[in-house]
Amino acid sequence: MMKKVIFYTIFAIGFLAACTSPAEIFENEVAQFMSAEALENEFISEDKLAELPEPVQHYFYYSGFLNQPLSGITEILWADTKIKLGPDQAWRDLETRQYNFTESGSRLAYMNARMAGVIPFEGRDKYHNGQGHMLGTLGRLIKVFDNHSREVTLGGAVILLAEALLEPSIALQEYITWEPIDEHTAGATLHHGDITVSGIFRFNEAGEFIRFESSDRPYEISSGVYEPKPFSIDLEEYHEADGLKIAGRVYATWHLEDGDFIYWDGKITGLRRNVKL
């Protein structure tokens, strides 16, 4: 009898653990990360921009972030997001929530979709303290992926770097270094422990940040097998939100041997800066 009790207790614990959804994990991690951020009472001043390449400085002026408070925690407000899971697959609509954390150089994103129009899919993408993790479940109970690999970590670092000017408080942190290239282009490198990734930021005449490019993000060519591939993020349709000029549309592309694979597309409606618990 006792053996049965022990068996069913262990089974119940395992079942409940499996039932901890990515949404719950995301909410718990957001609260945890928020409690650790302490960036307060600082502003984006001209002095802080002095060492940046000229087109990056121009972006701060154009976008209206100059003289705004530094933001320790920023929620990026997404709408109409969609994803392709492979070059030959159809677009899937997503609900997307995302927070970026300035001092620690962290990023949390939650995605919710319907597979075959019926089965709920949830995913949580995390980059924190130089470690990445991607978790996905079907129907809340079935793990589709639970990946802590170095390749996922490198991918998370590249995305955080690419988004450094969406919330440009991140662009001013010591873990990111900048180098000038020309009047419309700058290079940047993100360093976290043994993780180092780099990319190119491109700007137009108006000062808008319009494209990020990197060859440091690994692409999964088959299950568990990765190769670095050229990767880009394009930003368009700048608009004003709460006195700031921000990109309205963002799409991400893998540049593969067989052609370009646009796998992510979404609209940014605004930023919630200096979010509090």
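The values are calculated or read from the model by the stated rules, or taken from the named source; none is laboratory data. Model, not experiment: these values are computed from the prediction. Glycine also receives a Cβ, built like all others from the backbone with ideal geometry; neighbour counts cover every protein chain displayed. The accessibility values were calculated without ligands, DNA or RNA, using every heavy atom of the protein model including side chains. Shrake-Rupley method; radii C 1.70, N 1.55, O 1.52, S 1.80 Å.
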Checklist entry - Among the residues of the stretch 38-63, which ones are touching a residue at least 12 places away in the same chain (Cβ under 8 Å), within 27 Å of residue 185 (Cα to Cα) and surrounded by fewer than 16 Cβ atoms within 10 Å (Cβ to Cβ)? => result 43, 45, 46, 51, 54, 61
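In the stretch 235-264, what residues are of a type outside the set (Gly, Ala, Ser) and open to solvent by less than 20 Å² (accessible area, probe 1.4 Å)?
First pass over the stretch 235-264, keeping only residues of a type outside the set (Gly, Ala, Ser): 235-240, 242, 244-246, 249-251, 253-258, 260-264.
Correct list: 235, 244, 246, 250, 253, 254, 261.
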Checklist entry - Which residue out of 161, 135, 166, 190 is more than 27 Å from residue 64 (Cα to Cα) and either of a type in the set (A, V, I, L, M) or at pLDDT below 95 (or both)? => result 135
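Quick check, is residue 207 out of contact with any Cys (no Cβ under 8 Å at 6 or more places or on another chain), surrounded by 21 or more Cβ atoms within 10 Å (Cβ to Cβ) and under 25 Å from residue 68 (Cβ atoms)?
Numbers: out of contact with any Cys (no Cβ under 8 Å at 6 or more places or on another chain): yes; surrounded by 21 or more Cβ atoms within 10 Å (Cβ to Cβ): no; under 25 Å from residue 68 (Cβ atoms): yes.
Answer is no for this residue.
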Checklist entry - Does any residue in the stretch 254-269 that is at positive phi come within less than 8 Å, Cβ to Cβ, of a residue that is open to solvent by 30 Å² or more (accessible area, probe 1.4 Å) six or more places away or on a different chain, and which pairs are these? => result 259/87
Item to check | Positions within the stretch 265-277 being open to solvent by less than 50 Å² (accessible area, probe 1.4 Å), hydrophobic (A, V, I, L, M, F, W, C) and not in a strand (DSSP E or B), in sequence order | outcome: 275
Next on the checklist: Could you list, ordered by first residue, the pairs with Cβ atoms under 7 Å in which the first is in the stretch 206-231 and without any contact (Cβ under 8 Å) to a residue 60 or more places away in the chain and the second is among the basic types (Lys, Arg), at least 6 apart or interchain?
Outcome noted: 210/202; 211/202; 219/229; 228/217
